[in-house]
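J.: What follows is a structure written as structure tokens; I'll ask about it next.
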Amino acid sequence: MAAAEPPGAAELPRLAENLLCRLQENFEALTEKLTLRMEEMGEHISDLEMRVADLMTEAGVESRDEELGVKTLT
């Protein structure tokens, strides 16, 4: 004689799948948001590097990009 399943046991796989799908969706949304933020921060850093270089030029300070740690994009 087989043991009877507890009430709701048949729903567990469906509930687990639903939970995993929601977790995947949340993870993907968070990944996208973090990627966008990182891109924005990269743009801000590039802007700051250019402004510092401009200020140094205005102040008459000569320095190569390598000394400042500025990476030029090609």
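The values are calculated or read from the model by the stated rules, or taken from the named source; none is laboratory data. Because the structure is a prediction, the values reported are computed rather than measured. With ligands, DNA and RNA removed, areas are computed over all heavy atoms of the protein, side chains included. Shrake-Rupley method; radii C 1.70, N 1.55, O 1.52, S 1.80 Å.
J.: So how much slack lies between Ala16 and Thr57, counting 0.36 nm per residue of separation and subtracting their Cα-Cα distance, in nm?
T.: 8.6 nm
J.: Report the accessible area of Leu12, computed with a 1.4 Å probe over the heavy atoms of all protein chains in place, in Å² rounded to the nearest 10.
T.: It works out to around 110 Å².
J.: For Glu28, what accessible surface area do you get with a 1.4 Å probe? Give it in Å², rounded to 10.
T.: 100
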